[in-house]
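Down below is the structure, laid out as structure tokens.
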Amino acid sequence: GMYHIKSMATPLANGKKTEKIFDILREMITKKMVKIGVNETTKEINKGIGCLLILAADTEPFEIIAHLPILCEEKAIPYIFITSKSALGRACGISRSVSACLIKSETENNRCLTELINGICQ
């Protein structure tokens, strides 16, 4: 049920953190620094690539993203859940829902991304 899913969707960003994540996401999209979708993100994380994985807590069925936090922990890539897959899709600039997206490893130019992410994930 829903309670079970919510308990698995941790850490879950609050409204303020979600806005911050979406701001970073919109900026990174313009820099072509985001992989969108479960398959794409899984491939990158398997290679050990990634700065932050963003997951939608309302993904149905939840099982399609359940492997990703485990994979992130193995590869030491931070991850965070947000409440809405449709809002995540909008932040990615696409009309469909997005269950998972990955901000790829940063370049020299956006070192501050790490600081922002560290702030978000605490």
Answer yes or no: is there a residue in segment 1-11 that is at pLDDT 95 or above, hydrophobic (A, V, I, L, M, F, W, C) and touching a strand residue (DSSP E or B) at 6+ places or on another chain (Cβ under 6 Å).
no
Residue list for segment 21-37, restricted to those being part of a loop (DSSP other than H, G, I, E, B) and surrounded by 17 or more Cβ atoms within 10 Å (Cβ to Cβ)
33
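Any idea how many residues of segment 52-68 are of a type outside the set (S, T, N, Q) and either more than 12 Å from the chain's Cα centre (by Cα) or open to solvent by 20 Å² or more (accessible area, probe 1.4 Å) (or both)?
8
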Do we find that residue 60 is of a type in the set (Asp, Glu) and assigned to a helix (DSSP H, G or I) in this structure?
no
Is segment 96-108 home to any residue that is polar (S, T, N, Q) and at pLDDT 90 or above?
yes
Kindly check whether there is at least one residue in segment 74-90 that is of a type in the set (A, V, I, L, M, F, W, C), modelled with pLDDT under 90, part of a helix (DSSP H, G or I) and crowded, with 19+ Cβ neighbours inside 10 Å.
no
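Checking the condition in a helix (DSSP H, G or I) and within 15 Å of residue 104 (Cα to Cα), which residue from 41, 18 passes? Before the answer, list the steps.
Values: 18 fails: within 15 Å of residue 104 (Cα to Cα).
Checking each option against the conditions leaves just 41.
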So which pairs qualify, if the first residue must be in segment 43-64 and under 19 Å from residue 25 (Cβ atoms), the second must be outside any loop (DSSP other than H, G, I, E, B) and charged (D, E, K, R), the Cβ gap must be under 6 Å, and the two must be at least 6 apart or on different chains?
44/35; 45/75; 50/44; 56/85; 58/85; 59/85
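The values are calculated or read from the model by the stated rules, or taken from the named source; none is laboratory data. Everything numeric in this text was worked out from a predicted model, so none of it was measured. Neighbour counts are summed over all protein chains in view; Cβ atoms, including those assigned to glycine, are modelled from backbone coordinates with ideal geometry. Please note that ligands, DNA and RNA were not included when accessible areas were found on the heavy atoms of the full protein model with its side chains. Shrake-Rupley method; radii C 1.70, N 1.55, O 1.52, S 1.80 Å.
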